[in-house]
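Have a look at the structure below, then the notes.
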Amino acid sequence: MSLVERGARLSAAIAGARHARPRDARRQHARPAATRLAVLEARLAGWVLPALLVVLWEYLSRIGVIAPNVLPAPSAIAQAGWAALKSGELLRNMWVSTLRAFAGLFVGGVIGLAFGIANGLSELSRRYTDTTLQMIRNVPHLALIPLVILWFGIDEEAKLFLVALGVFFPIYINTLHGVRTVDPQLIEMGRVYGMSPLTLFRRVILPGALPSIFVGLRFALGIMWLTLIVAETIAASSGLGYMAMQAREFLLVDVVVLAILIYALLGKLADVLTRWLEERCLQWHPAFQARRD
Amino acid sequence: MNAHTPLLADSSPTDLARAPHGLGVHVARLGHSFGAKRVLERIELDIPAGQFVAIVGKSGCGKSTLLRLVAGLDTPSTGRIDFDGPRDAAATRIMFQEPRLLPWERVLANVEVGLPASVKGEERHRRARAILAEVGLADRADDWPSVLSGGQRQRVALARALASGPRLLAFDEPLGALDALTRIEMQGLVERIWQQQRFTALFVTHDVSEALALADRVVLIDAGHVALDLAVELPRPRRRGSAELAALEGRILDTLFSS
C-alpha cells in the first residue's frame, strides 16, 4: 500500500471519527444538564481506557503481580517524573528533543513542499527529479545512521539530517498528489476568468492541495518522533532518547518508562496541533462542517 | 447590507451601466478537428450584438466545441471568428455545466473572482453583493459553497459570470444538471438578466424546449454543420406549452432525426 493510499484512508477515518464528536462544547453552557453531561462524556471518552489501564497496572504492581524491576508502578514513575522535573533535567531534555524534532520537520517539510509543488506543476521538473527521489525514498532512512555518524558525529546536524530526510517523503508525496489532483475544471475556470499564474496558484492550486498536504504532515509527525527517538537513543548527549539510554545504564526502569510515556504524550500533542491547524485551514471542507449544522 | 436591492445598472455606474452593450460575433468558414476527427466543418454564423442564440444538437455534434471556440477557450483549426470591437478578457464570460465554484472561498469571494482586477478593495465587495442580490442570493454571501443547493450554486456561478459586465456570455449547458423545477426558475432568471443587460448570449443546450423558451434564434448543429437556423419571433415571456412553441419544437426535432 502506498503512502498516498494510506493517507486517503487515514483522512477518511479522521473525517469519520470527527462526525461522531460534537464540537461546540463551549457554546453549550445554556443547554440542560443532560446535554452537558453528554458533551462531557464525548470529550472524555478517549481517556477512559488509558485511565482504566493505569489503575489496573497500579493495582497489579501493588499486589506484586508485576515486579518493580520489570515495570514499576505508575505511582513510582510519577515520583521519578516529579524528581526529574524538580531537577530541571526532564524539561531540559524535552525542550532539546522538541527543538530538534521541529527543526528537522521544518527543514524537511519545506524541501518536501517545494519539490512537491514544483513536480506537481512542472512536467519537466518531475521528469528529471521524481525517479531520483523515488529511489532515495526506498532506502530506509534509519539505515543511514552509521553513515550519518561518520559524517556528522553525534552532533545536532546528524539528528537534523535524519529527521529532515524522514519527514521529507510523506510531505513530498502528498503535496505532489494534492497538486496533481486539483480539479482541472477549477483550473480552467481560473484561467478563463483571467487569473495570473500566481493568483491561480494561490487561490486554486494551493488550497486544493491543502487537505492532501495535511495528510502528509500527519504522517511526517509520526516519522519525526520515530526518527528522533532512534537517533537520540543511538547517538546523542542530550534529549529524551539520551535520558532513557542513561537510565538503562543505571537500571532505572522507572525513568525508561517515563521517557516512553512522554513520547506518547508528545505524539498526542503534535496530533492535537495538526488538528487545530486543519480546522483553521479547512473550514470550507464538508468533512469539517458537518458538525456545525 | 441593505444597499443591495437596487438594480445592477443603478448600483454599478461603470461596466454594467453601459446597458445595450452586446458584442456582435461573426464566424466564417470555421472548422475544428481533434487529431484526425473533424468536429466542425465550414460553420458560418453571424450573431448581431445583443442577440440570444441557442445552439442545440445531439451529444457529440460539436456544439460545445463551437462554444469553446467562440469563448476563446480553444483556437480553431481553420476559419476565423471576428468580433465587433475589442474582446478583452472580461468582455467574454463563460458559464459551465458545473458551477465550478472555489469550495475554499465563501460565496462573496467566489463572485469577486469574476470582477476585473482593476476594481479594488471595498468596491469589490459592494459590486459582488449587488450582483449576488440580483440573482437572489444576497443573504448567502458569507456561506461556503458546499452548503448551497445545486440551483443556488449555479446562481452564484451566474453572478460570477455577470460580475464583469460581459458583452458576450457563453452558456455551456448550465442548467443540464438541475432538476426540472429549478431549471424553469433558472431559465426565468437568465432571461430577466439578459433583458436587463443585453449582452450577446450563446446558449448551448440539448433541451430543445429550453432553447425555444429563451432564444431569439435557434441554431441546430448536426455532424459538424449548421443543419437549421431558425428565428423564434414570439413575444416574451413565452408561455410554456403554447401551440407556437410546440410547432417550432416539432420542426427542430424533425430536422434532427431526419438526418
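Quick check: the distance between the Cα centres of the range A:90-117 and the range A:214-228, to the nearest angstrom?
10 Å
So what J values fall out for the range A:93-105 if you push phi through Karplus, 6.51 cos²θ - 1.76 cosθ + 1.60 with θ = phi - 60°, rounded to Hz, Gly and Pro as x?
Per-residue couplings from phi come out as 5, 4, 4, 4, 5, 4, 4, 4, 4, 6, 4, x, 4 Hz.
Pairs of alpha-carbon atoms within less than 8 angstrom and 6+ residues apart define the contacts here; what relative contact order does chain A have, in percent? Show your work: numbers first, answer last.
On the way: 290 pairs, mean separation 72.3, N = 293.
Rounded, it is 25 percent for chain A.
What list do you get for B:Val56, A:Val110 if you sort them by fewest beta carbons within 10 Å?
A:Val110, B:Val56
Please compute the net charge surrounding A:Pro72, taking Lys and Arg as +1 and Asp and Glu as -1 over other residues with Cβ under 11 Å from its Cβ. Could you put the intermediate results ahead of the total?
Values: positive: none; negative: A:Glu58, A:Asp254.
Around A:Pro72, the surrounding residues sum to -2.
Which of these, B:Asp88, B:Asp46, B:Asp207, has the largest mean-square fluctuation under a Gaussian network model of chain B (Cα springs below 10 Å)?
Highest fluctuation of the listed residues: B:Asp88.
What is the sum of charges around B:Leu256, taking Lys and Arg as +1, Asp and Glu as -1, for the other residues whose C-beta is under 10 Å from the C-beta of B:Leu256?
Net charge in that neighbourhood comes out at 0.
Gaussian network model of chain B, Cα springs within a sub-10 Å range: biggest mean-square fluctuation belongs to which of B:Val208, B:Val147, B:Val39?
Looking only at B:Val208, B:Val147, B:Val39, the largest GNM fluctuation is found for B:Val147.
Can you sort B:Lys63, A:Lys268 so the residue with the fewest Cβ neighbours within 10 Å comes first?
By the 10 Å Cβ count, ascending, the order reads A:Lys268, B:Lys63.
Based on the alpha-carbon gyration tensor of the range A:227-268 and its eigenvalue square roots a ≥ b ≥ c, which shape applies: rounded if a/c is under 1.5, prolate if not and a/b is larger than b/c, or oblate? Spell out each step's value before the answer.
Details: a/c = 2.56, a/b = 1.11, b/c = 2.30.
The shape class here is oblate.
By how many degrees, between 0 and 90 and to the nearest 10, does the Cα long axis of helix A:74-87 differ from the longest principal axis of chain A?
It works out to around 80 degrees.
Could you give the nm distance between label points at A:Ala118 and A:Asp130, where each point is 7 Å from its Cα heading toward the beta carbon?
Here the answer is 1.6 nm between the modelled labels.
Go ahead and estimate [θ] at 222 nm for chain B from helices alone: -39,500 (n - 2.57) per DSSP H run with n ≥ 4, summed, over the residue count, rounded to 500.
-10000 deg cm²/dmol
Output wanted: per-residue J couplings in Hz (rounded whole) for the range A:168-178, from phi through Karplus 6.51 cos²θ - 1.76 cosθ + 1.60, θ = phi - 60°, x for Gly and Pro.
So the Karplus estimates, Gly and Pro as x, are 4, 5, x, 6, 4, 5, 6, 5, 4, 4, x Hz.
Tell me which residues come under 5 Å, amide H to amide H, from B:Ile55 once H is placed; ignore anything under 5 positions away on its chain.
Sorted by chain and number, the residues that satisfy this are B:Phe203, B:Val204, B:Thr205, B:Val219.
Could you go through the range B:165-171 in sequence order and give the Karplus-derived ³J(HN,Hα) for each residue, using 6.51 cos²θ - 1.76 cosθ + 1.60 with θ = phi - 60°, rounded to whole Hz, and x for Gly and Pro?
Going residue by residue, I get x, x, 9, 9, 10, 9, 10 Hz, with x marking Gly and Pro.
Starting from the alpha-carbon convex hull of the range B:8-258, give the projected area averaged over all orientations, in nm².
Computed as one quarter of the Cα hull surface, the answer is 13.6 nm².
Report the Cα centroid-to-centroid distance between the range B:173-205 and the range B:54-90 in angstrom, as an integer.
19 Å
Each value in this text was obtained by applying a stated rule to the coordinates, not by laboratory testing. None of the values given here were measured: they were computed from a predicted structure. Note that we place each Cβ from the backbone using ideal geometry, even for glycine, and neighbour counts take in every protein chain shown.
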